[in-house]
Amino acid sequence: MSNIAHYIKTCGEITKSKGFDTTQHVKQLLLIASEVQEAMEEIEIEIEGTHGKLIDIIASFEYDMQSFEYNRKKHNLPENSKIVNHEHLMEELSDILIRVFSYAYQFDNGKPLIKALNKKIAVNKERPHLHGKQF
Ligand SMILES: [Mg+2]
């Protein structure tokens, strides 16, 4: 068993043993998104001398990275970001993985996720520099 298969199995089994139902797709994806939001709360950014949490600022930029980058460049704003609390950020990134692994476990013990992950990594490895992205 690969390490990632081990983590998927462990997260899936713990989540199930605690009584959580991971078959509600919308709920699961929103829970994953909520962990991303919590990670964003651990990033502080400075725009034109004003400090704020990324989550508060990005909400005013339509809560969307592409829109955020478009507006940041349009207004010629630097991206002066820093981590508020590194340990908390790592905890939130762990929460994201746990949510993803717990959700994916129900699908053939996470095998399709591992297959898709390997495929995406191989595709990303072959892509050109920035491959059309502005950021
Ligand atoms: Mg969290």
All but one of (1) within 15 Å of the ligand (Cβ to nearest atom); (2) modelled with pLDDT of 90 or more; (3) surrounded by 13 or more Cβ atoms within 10 Å (Cβ to Cβ); (4) not basic (Lys, Arg) hold for Glu87; which doesn't?
-> (3)
Restricting attention to region 35-57, does a residue exist that is within 15 Å of the ligand (Cβ to nearest atom), at pLDDT 75 or above and in contact with a Ser or Thr (Cβ under 6 Å, 6 or more places away or on another chain)?
-> yes
Would you check if Leu29 is on the phi < 0 side of the Ramachandran plot and modelled with pLDDT of 90 or more?
-> yes
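Given the criterion part of a helix (DSSP H, G or I), farther than 23 Å from Lys133 by Cα, more than 17 Å from the chain's Cα centre (by Cα) and not polar (S, T, N, Q), identify the matching residue among Ile98, Ile14. Write out each step before concluding.
Numbers: Ile98 fails: more than 17 Å from the chain's Cα centre (by Cα).
Exactly one of Ile98, Ile14 is part of a helix (DSSP H, G or I), farther than 23 Å from Lys133 by Cα, more than 17 Å from the chain's Cα centre (by Cα) and not polar (S, T, N, Q), namely Ile14.
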Does Ile57 satisfy the criteria of being over 27 Å from Met1 (Cβ atoms) and assigned to a helix (DSSP H, G or I)?
-> yes
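The values are calculated or read from the model by the stated rules, or taken from the named source; none is laboratory data. These numbers come from a predicted model, not from an experiment. Here Cβ is always computed from backbone atoms with ideal geometry, including for glycine, and neighbour counts include all displayed protein chains.
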